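Working notes for the structure below.
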Amino acid sequence: MERALVLGVCGIGGRLHPAPRSLEDALTKADAQSGIRLAWRIERFAKAPMGAFVWTRDVDGLTYLGRLVGPWAYDTDDAADAVDLVHVRACDWLAEPIADEAVPPDVQAAFGRGGRNWQRIRAASVSAPTQAVWDAVADG
């Protein structure tokens, strides 16, 4: 995840060889190489709306908040392949980690369940607190 924070991207794994030339190509290759579940995950990731909030944790367990600001792309860099963070979207990450007490409980619960890859948290209790954290830090 450190690579994503440094580069300003949000990403998911699912190496594809050879590298896809388009989202459609990626979905076809993902299904053929790893199965339909990977293709569905890539598609959900690619179709998430611009401005959608994303949460992540680094190797030290610190939590970061970002917003998607770019379309899907496949990162062909060897470093991306090495850490399997190849399906990426540009993301504006807040510069500092978010204090644990400010992270919505349902986000913490998702991480507690092992929520380390792309998933939507549908709980109504997440949207307003996430927006409030963003507003407080981004405007502060």
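The values are calculated or read from the model by the stated rules, or taken from the named source; none is laboratory data. Note that the coordinates shown come from a computational prediction; the quantities given were computed from them, not determined experimentally. We place every Cβ from the backbone using ideal geometry, glycine too, and count neighbours over all the protein chains shown. The area values use the complete protein model at the heavy-atom level, side chains included, leaving out ligands, DNA and RNA. Shrake-Rupley method; radii C 1.70, N 1.55, O 1.52, S 1.80 Å.
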*Charge dipole of the chain about the Cα centre (unit charges at C-beta), most positive-ward option of Ala39, Phe111, Ala52*: Ala39
_Loop-located chymotrypsin sites (Phe, Trp or Tyr not before Pro) in region 1-102 whose Cβ has at most 11 other Cβ within 10 Å (DSSP)_ = none
*Hey, what number do you get for the chain at 222 nm if only DSSP H runs of n ≥ 4 count, each worth -39500 (n - 2.57), divided across all residues, to the nearest 500?*
-12500 deg cm²/dmol
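Given Cβ point charges of +1 (Lys, Arg) and -1 (Asp, Glu) and nothing else, what value in debye, to the nearest 20, does the dipole of the chain about its Cα centre take? The partial results should precede the final answer.
Numbers: 15 positive and 19 negative charges, 135 e Å.
Here the chain has a charge dipole of around 660 debye.
Which percent of the accessible heavy-atom area of region 92-140 goes to carbon and sulfur, probe 1.4 angstrom? Intermediate results must be reported in sequence, preceding the final value.
On the way: 1580 of 3260 Å².
So the carbon and sulfur contribution to the accessible surface is 48 percent.
Per residue, how many Å² of accessible area does region 37-118 show with a 1.4 Å probe? Please report the intermediate quantities before stating the final value.
On the way: 4380 Å² over 82 residues.
For region 37-118, the solvent-accessible area averages 53 Å² per residue.
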*Relative contact order (%) - criterion: Cα under 8 Å, at least six apart; region: region 1-100*: 35 percent
*With a cut-off of at most 15 other beta carbons within 10 Å, and DSSP calling the residue loop, which trypsin sites (Lys or Arg not before Pro) in region 32-63 qualify? Please list them.*
none
*Run the quick spin-label model on Asp25 and Gln131: label points 7 Å from Cα toward the beta carbon, then report their separation in nm to one decimal.*
3.9 nm
*May I ask you to compute the full-extension gain from Leu62 to Glu43, defined as 0.36 nm times their residue separation minus their alpha-carbon distance, rounded to one decimal in nm?*
4.1 nm
